[in-house]
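Working notes for the structure below.
Rule-based calculations on the coordinates, nothing more; no lab input. What you see is a predicted model, and the numbers here were worked out from it, not measured in a lab. FYI the Cβ positions are ideal-geometry reconstructions off the backbone, even for glycines, and counts take in every protein chain you see.
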Amino acid sequence: MAGQESKETPIAYELAKRQKEISVAEFFTKNRHLLGFDNKRKALLMAVKEAVDNSLDACEEARVLPEISVEIIQMAEFKYKVVIEDNGPGIVKKQIPNIFAKLLYGSKFHTLKQARGQQGIGISAAVLYGQLTTGRPVKITSRVSSKEPALYFELNIDTQNNKPVIAKEETIEWAKDHGTKVEIDLEAEYLKGNQSVDEYLKQTAVINPHVTIIYTNPKSEQVICKSHRQPSFRAERNQAASLWSGAWNAYGQAKVDRIKDASKFSHNRIFKGWPGHCKRNL
């Protein structure tokens, strides 16, 4: 009996055989609600948000005034195509598959500054959701310079290994000198109101007064989302000049009160470095 007991394999070895590594992509496949894709309406908003955030960040890093086109096309009931196009710096050929078809891949995670996206799961998560719900690849068009051809990719995500799978790759003609275009087919629902794509784009335009967003909704209604607070250099300059003028008035009056010979002060002297309408009025 003692010999038989010693030959029995401890249960820990049997349990160890069942343990295996879980891919990041595979985990999010089964837990997509953790990324915000827990219902059709929110999925549409998240897909648009992630793509627009990427466009804004890219334009800001390249110091380009963002012009972003957002188009939502209804293909069938609960089936939509989201098309986001920007005038950013574009993406080099080597990085396109990893950026759009590999989770936890990005350039901002190790930077010590505020950014819209840092974990590298935003746009790739939208691509993964689209793949899970429609089975169709994401379509990417990107160009970095007018001297280089535009690149076109169709990508899928290998959920077992968290690697991009290139379904199609070619160079194409594209009117833009630089920029990126993303097309994602996904299962979604379009509704207006709070927490909708329409509201998100309006708020984005207000928060980012330098951005222009051309938005076409599923009803083919086009709206240009541009903040009414669009910055004007002239207005800001005039406001600053007014503040300086008031400060100089107060300063000059104090000196006049202390010095009897007020004639030493010019009543119409231009403050150097400012426009002609900014004067010392003492």
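Remark on segment 27-98: ratio of C-alpha radius of gyration to 2.2 N^0.38 Å is 1.28.
Just add up the charged neighbours of TYR129: K/R +1, D/E -1, any other residue whose Cβ is under 9 Å from the Cβ of TYR129. Charge balance in the 9 Å sphere: 0.
Given axes a ≥ b ≥ c from the Cα gyration tensor, I'd like to know whether segment 24-225 is rounded (a/c under 1.5), prolate (a/b larger than b/c) or oblate. Before the final figure, lay out each step's value.
Working: a/c = 1.26, a/b = 1.01, b/c = 1.24.
Taking the square roots of the gyration eigenvalues as a ≥ b ≥ c, segment 24-225 is rounded.
Of the trypsin sites (Lys or Arg not before Pro) in segment 140-172, the ones in a loop by DSSP (not H, G, I, E or B) with at most 15 other beta carbons within 10 Å are LYS147.
Could the peptides 124-137, 186-199 be put in order, highest first, of the mean number of other beta-carbon atoms found within 10 Å of their residues? Each step should come with its number before you reach the end.
Details: 124-137: 22.0, 186-199: 16.5.
My ranking of the peptides, most packed first, is 124-137, 186-199.
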